[in-house]
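Below is one structure, written out as C-alpha cells, with a few remarks after it.
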Amino acid sequence: MRKLVIAISMLAFAGSAAFADPILDRQALMKERGKIVGGLAKVAKGEDPFDAAAVLTQLQALQANAEKLDVDALFPAGSDAGDTTAGPKIWEDMAGFKATEDKYLADVKAATAAAPGDVDALKGQINTLGGDCGTCHQTYRVKKG
C-alpha cells in the first residue's frame with residue numbers, strides 16, 4: 001500500500017512538472033508511445049506470445065499516453081526551432097494536426113474498448129494505429145539526417 005501511495009505521489013508531482021519544456025516533453029511522450037506500440041507490434045508479429053491481459057494493459061497504457069498529448073501545451077508557437085523533428089506543417093495546419101491526433105486517440109480508445117482476444121484481432125488494431133502514426137509522421141514530421 002505504501003508503494004502505491006508513493007507511486008501516486010510521484011505521478012502527481014510529475015504531472016505538475018509536465019510541459020516545462022515542450023520539445024523535451026513531447027519527445028518523451030512520443031518515445032513512450034513508440035515503446036508501447038513496439039511491444040504490441042512484437043506480439044502481433046509473433047515475436048512475443050499473445051497474452052490478452054498483457055495486451056489490454058499495453059493498450060490502456062497507450063490510451064493514457066494518447067490522452068496526455070495536449071497539442072496546445074506541447075506545440076506552442078516558437079517550439080518549432082531547436083532539436084526537434086516536428087515539421088513546420090504542424091503550425092501551418094494546426095487544425096489538421098489536431099484532427100490527426102484526435103483520430104489516433106479515438107482509434108486507441110476503440111482498440112482498448114474492444115480488447116483483442118487473439119493475435120489476428122491485435123494485428124488489425126495495430127494496422128489501424130500504425131496507419132495513424134504513419135499519416136502523422138509523413139505529414140507533420142521532418143526526417144532527421
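The values are calculated or read from the model by the stated rules, or taken from the named source; none is laboratory data. Because the structure is a prediction, the values reported are computed rather than measured. Note: ideal-geometry Cβ built from the backbone for every residue, glycine included; neighbour counts use all protein chains shown.
Here are the numbers for this structure:
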item	result
Residue that is farthest from Ala114 (Cα to Cα), among those in the range 47-72 that are within 9 Å of the chain's Cα centre (by Cα) and charged (D, E, K, R)	Lys68
Thr85 being farther than 17 Å from Lys31 by Cα and among the β-branched types (Val, Ile, Thr)	no
Answer from Ala44, Ala28 - the residue that is under 21 Å from Ala121 (Cα atoms), among the small types (Gly, Ala, Ser), at pLDDT 95 or above and more than 8 Å from the chain's Cα centre (by Cα)	Ala44
Evaluation of Gly134 against (1) over 21 Å from Gly38 (Cβ atoms); (2) surrounded by fewer than 16 Cβ atoms within 10 Å (Cβ to Cβ); (3) not aromatic (Phe, Trp, Tyr) (one fails), failing number	(1)
Hits in the range 87-133 (condition: among the small types (Gly, Ala, Ser), within 25 Å of Ala54 (Cα to Cα) and either part of a helix (DSSP H, G or I) or touching a Pro at 6+ places or on another chain (Cβ under 7 Å) (or both))	Ala106, Ala110, Ala111, Ala113, Ala121, Gly124, Gly130, Gly131
